[in-house]
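Since the structure comes first, as C-alpha cells, the remarks are kept for the end.
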There are 2 protein chains.
Amino acid sequence: MISDADRVATATLLRVCEPGSLGLSRHVRKVGVAQALADIQAGAQIPDVEAEGLRHRLATASGERDLLTAAAVGARLLCPGDDEWPTALGDLRHRDLDCFGLWVRGRLRLAEATERSVAVVGTRAATDYGVHVAHDLGVGLAERGWSVVSGLAFGIDAAAHRGALAAEGTTVAVLACGVDVPYPPGNRSLYERIADEGLVLSEHPPGAAPQRHRFLVRNRVIAALALGTVVVEMAPRSGAKSTAVHAAYLNRYVMAVPGPVTSAMSVGCHQFMRERPDVVLVTKADEVIEMCGHLGELAEQPTGQVRARDLLGPVVGRVFEGVPVQRPAEVSGIATAAAVSARAAAAALAALESQGLVERVGEGLWVMTALGRKDRRAHRAVQQQQELDWW
Amino acid sequence: MISDADRVATATLLRVCEPGSLGLSRHVRKVGVAQALADIQAGAQIPDVEAEGLRHRLATASGERDLLTAAAVGARLLCPGDDEWPTALGDLRHRDLDCFGLWVRGRLRLAEATERSVAVVGTRAATDYGVHVAHDLGVGLAERGWSVVSGLAFGIDAAAHRGALAAEGTTVAVLACGVDVPYPPGNRSLYERIADEGLVLSEHPPGAAPQRHRFLVRNRVIAALALGTVVVEMAPRSGAKSTAVHAAYLNRYVMAVPGPVTSAMSVGCHQFMRERPDVVLVTKADEVIEMCGHLGELAEQPTGQVRARDLLGPVVGRVFEGVPVQRPAEVSGIATAAAVSARAAAAALAALESQGLVERVGEGLWVMTALGRKDRRAHRAVQQQQELDWW
C-alpha cells in the first residue's frame with residue numbers, strides 16, 4: 001500500500017522530472033521518491049540529471065495541485081505498489097528506465113486491462129494498406145479477448161485503437177503529454193472514446209505538452225505494458241522502431257507485418273525482419289496471439305483449399321472437433337469436449353449448422369453431417385500432408 | 001571425356017526412365033548407364049523401379065535417333081563428365097535424385113551460364129504485384145551479371161525470365177517436357193527468345209509431353225542449378241514450394257518475397273518464412289545477391305533520407321569512397337582504393353560527376369566536391385546511428 005504522502009511526492013516528481021533518466025531511476029530506486037525530491041531541493045548532484053533545471057521546476061511544483069487537477073478530469077495517479085499497477089512495468093528497472101508513476105483516465109483497472117495485451121504501432125504516414133491491417137489486428141485481438149496498447153498517433157496507432165473499439169474490446173493509449181491533453185487534436189474524438197471505454201495513460205503531469213523527445217521515452221512504457229509489440233508499417237527511420245527495440249530489450253515478443261516490397265512504408269518492417277532474427281513475421285491476429293498467448297492459442301494454418309471450417313474462428317473449430325460423428329451429444333457434452341463454455345458451444349453449433357457441418361437431432365442433441373465428416377477428413381489429411389511436405 | 005557410346009546410352013536412358021527415381025539413381029551410380037540399360041533389358045529387379053514398364057519402353061527407344069532429332073532443332077545432350085556440365089548438379093546424388101543428362105538448346109555453355117545464378121519461381125496465378133516484383137528481380141539480377149533460372153511457367157516464372165531478357169542478361173528455362181516442346185503454348189515466343197539468347201534445358205527426350213509429376217521432378221534441377229531460390233508469390237499449396245524445399249535440402253539459399261498480407265498469393269511466402277527460420281526475407285535483387293554472392297556484394301541499407309549516393313549501385317559507392325577528399329588522385333589510384341578495375345572506376349567517376357559528388361581537376365585527376373563531402377558525412381552518420389539504434 002502506498003501512503004498519501006508518497007502519492008503526492010510521486011505526483012511532484014512526475015511534474016519535476018523527465019522520465020526515462022538513467023541516473024534518476026537509479027537514485028529514486030536507492031533512496032525513494034520523497035528523499036529524491038529532498039536531494040533535488042538541496043541541490044545534490046545526481047548522475048545524468050541536470051539538477052539545476054529540476055530544482056528550478058521543483059520550486060513551483062505541487063503534487064497536491066496536480067492530483068486535484070487530475071481528479072477534476074476524472075484522472076488518478078497510479079504508483080508502484082498500487083493493486084492495479086502492472087508488475088510488467090517493473091521490467092523497466094532492468095534498463096534503468098523506471099516508470100515512477102502513471103496518470104490514468106478510464107474506468108478499467110490497469111493491471112487487468114493490460115494482462116493480455118499487445119502493442120500495435122507504426123508510422124503516422126500509414127498507407128491505406130497499413131491502416132486496414134492495423135484495424136484488422138485491433139479487431140482480431142479484441143475479439144479474442146486481448147487488449148491493444150498504442151500511442152494515439154495518426155496512422156497505424158489510431159487504426160489499431162479503432163479496431164479494438166469496433167470489436168468492443170479494450171484499448172490503452174499511452175500519451176507523450178498530459179492525460180488531459182488530446183494530442184494530436186485530430187484524434188480528439190478517438191481520445192475521448194478511449195478515455196471512456198478503455199484507458200488513457202501518461203507519465204507526464206496534467207497539462208503537459210507533447211515534446212519531441214517525450215515520444216521516444218513514452219515508447220518504452222508501451223513496450224513494457226504489452227506482452228509483445230507488432231510493427232505494422234514503418235519507414236526505415238520511423239519512431240515505431242524505438243518501441244520495438246524497447247520491446248526486444250525487455251524480452252517481449254517483437255513482431256512485424258510484411259507488405260508490398262514496392263511500398264516505402266513497409267521498407268522498415270522488411271529491414272527489421274532481415275536484420276533481427278528475433279523479429280517474427282506475422283500476418284494476422286491469430287498469429288500474434290499464438291506468439292504472445294498461452295499454450296493452445298494456436299493460429300490456424302492456411303491451406304490451399306478453402307473449406308467451410310476455414311472460415312470459422314478457432315473456438316468454433318474446437319467445438320466442431322468436439323461434435324461426435326455418429327452418436328448425437330448434448331451441448332454440455334460437446335462444450336466439455338471442446339473445453340469451452342456451454343454458451344460458446346451453443347453459439348458455435350448454430351454457426352456450424354448454418355454451414356451444414358452439424359445438425360440438430362431431437363431436443364438439444366447434435367451430430368455431425370456427412371459434409372462435416374468429409375470436411376474433417378480433408379482437414380486432417382491436409383495437416384498430415386503439410387507435415388510430410390515441409391519437414 | 002564422355003564417349004559417344006556413353007552419350008547414346010544416356011540418351012536412351014533419358015528416353016526410357018522417368019528422372020527422380022531413387023532406385024535408378026543408386027543403380028546407375030553403381031553400374032553405369034550402359035550396364036543399367038542392359039539390366040533393364042534383362043528384366044533385372046531394380047528397387048523402386050517398375051522394371052517391366054522401362055523394359056517395354058526400351059524396346060522402341062533409340063538414343064541415336066533422339067540425338068539426331070535433337071540436333072535437327074539445334075539441341076545437344078550434356079552428360080556428367082562434359083566440360084560444361086555444372087558440378088552443382090552433382091549435389092543431387094546426395095538425395096539419390098541424380099540427373100543423368102540434360103538436353104540443351106542455346107548457344108551458351110551451361111556451367112558458365114549457371115555459375116552465378118538464382119532461381120526465381122512462384123505461382124502461375126500471379127498477381128500484378130508478383131509479376132512486377134519477379135520482373136524487377138530478373139532485371140536487377142541480370143544487371144549485376146547474375147543469371148535467372150526458372151521453369152517457363154505462366155506468372156512468376158515467365159516474368160522473371162522476361163526481366164532477365166529485358167536487361168540483356170542470361171536466363172535458363174528448365175522444362176518438364178522435351179526441349180523442343182514450347183510449353184505452355186502461350187509462352188512460345190518467350191521460349192524461343194530464351195532458346196536464342198539463353199538456354200532451354202530438359203531431362204526429357206525430344207517430343208516428350210509435359211506431365212503433372214514431371215513438374216515436381218523438374219523442380220529439383222532448377223533448385224540444384226542455382227545458388228539460391230527465391231519464391232516471389234505462392235499460394236499455400238503451390239508447386240513453387242517444392243523447388244524451395246529442394247533448394248533447402250541441397251543446402252542452397254532459400255529466400256521469399258513478402259507481399260500484402262491481404263493477398264492470397266503471398267500467403268504461401270509468409271507461411272514459409274514463419275515456419276522455416278532458414279528462409280530469408282528478400283525485397284530486391286541486391287539483397288538476393290548479398291545472400292548468394294561473394295564477399296563484398298552487399299545490399300545497400302535503406303535509410304529514411306534519400307541521398308544522391310543511395311541512387312548509385314554498390315560499385316559506384318565503393319569508387320566514391322575511394323575518391324580523396326583533398327588531394328586529387330588519378331583514376332588508377334582510385335580504382336586500387338576501391339578494388340575495382342580502372343574501366344569500372346572511370347565509368348563510376350563519370351556517374352558521380354553527373355551527380356555533382358566528384359569533379360575533374362586537370363588531366364585525369366579527380367577529387368571530391370563539397371557536396372560529395374557532405375554526402376559522405378551524412379552516410380557515415382546514418383550508419384553509426386543505425387548501429388546505435390538497432391543493437
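A few remarks follow.
- Boolean, B:ARG55 is part of a helix (DSSP H, G or I), more than 20 Å from B:ARG93 (Cβ to Cβ) and modelled with pLDDT under 95: yes
- Residues considered: A:ALA70, A:ALA111. Of these, the only one that is surrounded by 14 or more Cβ atoms within 10 Å (Cβ to Cβ), assigned by TED's automatic domain parsing to the domain that holds A:PRO210 and assigned to a helix (DSSP H, G or I) is A:ALA111.
- A:ASP157 under 17 Å from the mean Cα position of the chain (by Cα) and assigned by TED's automatic domain parsing to the domain that holds A:SER266: yes
- For the stretch A:168-184, the criterion of being within 14 Å of chain B (Cβ to nearest Cβ), modelled with pLDDT of 95 or more and in contact with an Asp or Glu (Cβ under 8 Å, 6 or more places away or on another chain) is met by none of the residues.
- Conditions (1) at pLDDT 95 or above; (2) part of a helix (DSSP H, G or I): number failed by B:MET234: (2)
- In the stretch A:78-93, of all residues being of a type outside the set (D, E, K, R), farther than 29 Å from A:ALA285 by Cβ and not in a strand (DSSP E or B), the one that is modelled with the lowest pLDDT corresponds to A:GLY81.
- Some residue of the stretch B:256-270 being within 14 Å of another protein chain (Cβ to nearest Cβ), without any contact (Cβ under 8 Å) to a residue 12 or more places away in the chain and surrounded by fewer than 22 Cβ atoms within 10 Å (Cβ to Cβ): yes
- With respect to being part of a helix (DSSP H, G or I) and modelled with pLDDT of 95 or more, B:SER266 fits the description.
- In the stretch A:224-243, the qualifying residues are those that are among the small types (Gly, Ala, Ser) and within 10 Å of another protein chain (Cβ to nearest Cβ), and the one that is surrounded by the most Cβ atoms within 10 Å (Cβ to Cβ) is A:SER238.
- When A:GLY130, A:GLY140 are checked against the criterion of being touching a helix residue (DSSP H, G or I) at 6+ places or on another chain (Cβ under 7 Å), more than 20 Å from A:GLY268 (Cα to Cα) and within 14 Å of chain B (Cβ to nearest Cβ), A:GLY140 stands alone in meeting it.
- Set B:GLY63, B:GLY106, B:GLY101, B:GLY74: member being at pLDDT 95 or above and either among the charged types (D, E, K, R) or within 23 Å of B:PHE154 (Cβ to Cβ) (or both): B:GLY106
- A:VAL33 within 24 Å of A:PRO182 (Cβ to Cβ) and among the β-branched types (Val, Ile, Thr): no
- Restricting the stretch A:361-372 to residues that are surrounded by 14 or more Cβ atoms within 10 Å (Cβ to Cβ) and free of Cβ contacts under 8 Å to residues at least 60 places away in the same chain, the residue that is farthest from A:ARG327 (Cα to Cα): A:GLY372
- Condition met for B:LEU216 (closer than 12 Å to B:VAL118 by Cβ, more than 9 Å from chain A (Cβ to nearest Cβ) and touching a residue at least 12 places away in the same chain (Cβ under 8 Å)): no
- The lone criterion from (1) touching a Ser or Thr at 6+ places or on another chain (Cβ under 6 Å); (2) surrounded by fewer than 16 Cβ atoms within 10 Å (Cβ to Cβ) left unmet by B:GLY53 is number (1).
- With respect to the stated conditions, B:GLY122 is buried (at least 22 other Cβ atoms within 10 Å of the Cβ) and within 14 Å of chain A (Cβ to nearest Cβ).
- The criterion of being touching a helix residue (DSSP H, G or I) at 6+ places or on another chain (Cβ under 7 Å), on the phi < 0 side of the Ramachandran plot, away from every other protein chain (no Cβ under 14 Å) and at pLDDT 65 or above does not hold for B:LEU365.
The values are calculated or read from the model by the stated rules, or taken from the named source; none is laboratory data. For clarity, every value in this text was computed on a predicted model and none was experimentally measured. Cβ coordinates were reconstructed from backbone atoms using ideal geometry, including for glycine residues, and neighbour counts include every protein chain displayed.
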